[in-house]
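What follows draws every value from the coordinates through simple rules; no lab data is involved. Just so we're clear, the structure is a prediction, and the values are computed from it rather than from any experiment. Note: ideal-geometry Cβ built from the backbone for every residue, glycine included; neighbour counts use all protein chains shown.
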Amino acid sequence: MLTDHRAYATIPAADMNRAKSWYRDKLGLTPALEDDMGCLYRVGGGTSFLLYPTPNAGKAPNTLLSFATDDVEAEVSDLRKHGVRFEEYDMPGLKTVNGIATMGKFHAAWFKDSEGNILAVGDEPN
């Protein structure tokens with residue numbers, strides 16, 4: 001079945017030009033492939049995600065894509081220097097301090113792209 005296949009995320013964008021600029025300027029990413037269907041971004045470890053045009057962007061109340069990092073605090077600091085604004089949460093089971101949530105040994109921080117989609121940086125889940 002699918003156990004030997006790599007997975008990739010699909011991220012909606014209402015305005016592709018705005019989204020491509022945001023991913024370039026804020027995250028330092030440029031499309032590896034681009035056509036009328038969208039933009040394919042290749043990131044670490046052979047993974048990728050597709051940014052595709054749709055009027056339904058930004059409506060998901062959950063995280064659509066997470067980037068694994070060895071140092072969440074350093075990554076958050078670097079992304080802030082590029083204008084990324086991190087979400088703050090204070091709810092049962094999840095509280096952020098300076099944008100970073102600590103859940104046992106796991107750390108994560110969430111932010112929104114130009115289209116309102118929720119993205120995250122976090123420790124690599126094991």
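Values computed for the structure shown
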item: Helix 16-27 vs. the chain, principal-axis angle (Cα, 0 to 90°, nearest 10); result: 40 degrees
item: Simple label model, 7 Å out from Cα along Cβ direction - ALA60 to SER48, nm; result: 1.8 nm
item: Shape metrics for the range 9-123, restricted to C-alpha atoms - Rg then Dmax, Å; result: 14.1, 43
item: Inter-label distance, nm, simple model (7 Å from Cα along the C-beta direction), MET37/ASP25; result: 2.9 nm
item: Out-of-range pairs (alpha-carbon distance over 24 Å; input LYS81/LYS112; LYS20/LYS112; LYS59/LYS81); result: LYS59/LYS81
item: Spread of Cα-to-Cα distances over 5 Å intervals beginning at zero, given as percent, for the range 72-113; result: 6, 24, 33, 22, 11, 4, 0
